[in-house]
Amino acid sequence: MKIHEYQAKEIFASYGLPVDKSYVCKNVDEAVKAYREIGSPRAIVKAQVLTGGRGKAGGVKLANNEDELRKHAAAILGMTIKGLKVDRILVGQAVNIASEYYVSYIVDRVSKSTILMLSKAGGMDIEEVARTTPEKIHKIIIDPLVGVPDYLAREAAFKLFDNMNQVKQAIPIFRKLYKLFVENDASLAEINPLVLTDEGNIMAIDAKMTFDDNALYRHPQIASLFEPTEDEKKEQNAKSKGFSYVNIGGNIGCMVNGAGLAMATMDIIQLYGGKPANFLDIGGSSNPTKVIEAMKLLLSDKNVKVVLINIFGGITRCDDVARGILEAFKIITTDIPIVIRLTGTNEKEGRALLEGTDFFVAETMGEATRKAVELAR
Ligand code: GDP
Ligand code: MN
């Protein structure tokens, strides 16, 4: 789960990390009020959307006076960045930046550890830096039993700074950021940029955090910040009905019993040159209401051109499933072709029940998938 910069900055501040003074605003009037509150002529106006790269998209602007502030606030509040509407902005005291650095803690799959990532080449081009000059990014693996003691934070600080005053400021920042990362079950805590100001202070002027969804139950306050996208709303809704659903973006809707089979189904669709629209595990049982709910979910995705129902009958019997499907389709009307593959317990009986219907019935996964891919074209 992601949170906004202003929310992450509140968490940062509660851990004693130096962040700029800023106010979240929903309209131009609030922005003007915040600007007067800040009381310095130069202010920064930043779009609050759950994506990075706001600066490059024009969502971060410096204002030198109240007129400019109004202009920027109005413009940014009307923007859409990477498909996300900006409904909030952050108005903060502008900082005089001498240099920008990159700092983050992230769960790294390669080392199977939390790592501290650091770079002197922080700022808006960090992705480019990572791609073209990866040697400019330092990675320090954190041993969870040791954490980030003073000596390690010092070693890290020397990778960015040679001035002792700056090193001394950086050490507690790296230690507090780690504490915050661990205590909140974050999967990312990132400061980009961490800046050195003209006055010689080090501070975070951006803050990004993502959290491990599986640990959110331990952090109700963070969980309450969840602002689902349309896709995430669908996933939540599916979860409440006992399904596990993830939208993938292709055009072959999949309805499968069992997570392993659902994964295999997605793989085989790709293998035959198709694109799965989703992962959907409806679990066991042949209950018609479940089939109806699952079909509604699949058909609400306008990209879906064909539905592939892939069922392996173990304890669930294929004839029960066939009856459930027939029952469900008395209620559902759709022009979208449905391919059904039934195998396992009572498969012959199941397939016999579907004979003479509009469904495309298959026995093997290969046969069913080829048919679905062909129909999707
Ligand atoms: P992002 O593009 O979504 O990561 O947004 P950031 O918050 O990182 O802002 C993008 C860039 O705007 C930063 O890299 C800075 O160069 C600049 N910026 C942000 N805040 C300030 C500020 O207070 N003063 C100045 N001069 N520049 C700022
Ligand atoms: Mn940033």
- Task: Go through the range 4-75 and tell me which strands (runs of 3 or more DSSP E), entirely inside it, have 2 or more residues that are without any contact (Cβ under 8 Å) to a residue 60 or more places away in the chain and within 16 Å of ligand 1 (Cβ to nearest atom).
- Result: 43-47, 60-63
- Note on the structure: Of 103, 91, 110, 95, the only residue that is farther than 16 Å from residue 194 by Cα, open to solvent by less than 70 Å² (accessible area, probe 1.4 Å) and of a type outside the set (Gly, Ala, Ser) is 91
- Residue check: is residue 147 in contact with a helix residue (DSSP H, G or I) (Cβ under 9 Å, 6 or more places away or on another chain) and crowded, with 20+ Cβ neighbours inside 10 Å? no
- In this structure, is residue 56 open to solvent by 30 Å² or more (accessible area, probe 1.4 Å), in contact with a strand residue (DSSP E or B) (Cβ under 6 Å, 6 or more places away or on another chain) and of a type outside the set (A, V, I, L, M)? no
- Task: Would you point out the residue of the range 237-252, among those that are surrounded by 13 or more Cβ atoms within 10 Å (Cβ to Cβ) and among the polar types (S, T, N, Q), that is nearest to residue 370 (Cα to Cα)?
- Result: 251
- Item | Residue ID - farthest from ligand 1 (Cβ to nearest atom), chosen from residues in the range 79-103 that are in contact with a Phe, Trp or Tyr (Cβ under 9 Å, 6 or more places away or on another chain) and within 17 Å of residue 160 (Cβ to Cβ) | 103
- State which residue is farthest from ligand 1 (Cβ to nearest atom) when the search covers only the range 116-135 and only residues that are assigned to a loop (DSSP other than H, G, I, E, B) and under 18 Å from residue 188 (Cβ atoms). 122
- Message: Being open to solvent by 10 Å² or more (accessible area, probe 1.4 Å), part of a helix (DSSP H, G or I), in contact with a Pro (Cβ under 9 Å, 6 or more places away or on another chain) and among the basic types (Lys, Arg) is true for just one of 371, 290, 348. Which residue is that?
- Response: 371
- Sole residue being over 16 Å from the mean Cα position of the chain (by Cα), within 16 Å of ligand 1 (Cβ to nearest atom), surrounded by 14 or more Cβ atoms within 10 Å (Cβ to Cβ) and of a type outside the set (Gly, Ala, Ser), chosen from 203, 295, 255, 209: 203
- Message: Here are the criteria: (1) more than 16 Å from ligand 2 (Cβ to nearest atom); (2) modelled with pLDDT under 95; (3) not small (Gly, Ala, Ser). Tell me which single one residue 169 does not satisfy.
- Response: (2)
- Being of a type in the set (Lys, Arg) and open to solvent by less than 70 Å² (accessible area, probe 1.4 Å) is the filter here, so list the residues in the range 160-174 that pass it. none
- Task: Quick one: count up the residues across the range 59-71 that are open to solvent by 60 Å² or more (accessible area, probe 1.4 Å) and within 16 Å of ligand 2 (Cβ to nearest atom).
- Result: 2
- Within the range 104-115, work out how many residues are outside any strand (DSSP E or B) and either among the basic types (Lys, Arg) or within 15 Å of ligand 1 (Cβ to nearest atom) (or both). 2
- Any chance the range 221-231 includes a residue that's farther than 29 Å from residue 183 by Cα and open to solvent by 40 Å² or more (accessible area, probe 1.4 Å)? yes
- Message: Among the residues of the range 175-200, what is the count of those that are open to solvent by 50 Å² or more (accessible area, probe 1.4 Å) and within 16 Å of ligand 2 (Cβ to nearest atom)?
- Response: 0
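The values are calculated or read from the model by the stated rules, or taken from the named source; none is laboratory data. Everything numeric in this text was worked out from a predicted model, so none of it was measured. All Cβ positions, glycine included, derive from the backbone under ideal geometry; neighbour counts span all protein chains shown. Keep in mind that these areas ignore ligands, DNA and RNA; they rest on the heavy atoms of the full protein, side chains included. Shrake-Rupley method; radii C 1.70, N 1.55, O 1.52, S 1.80 Å.
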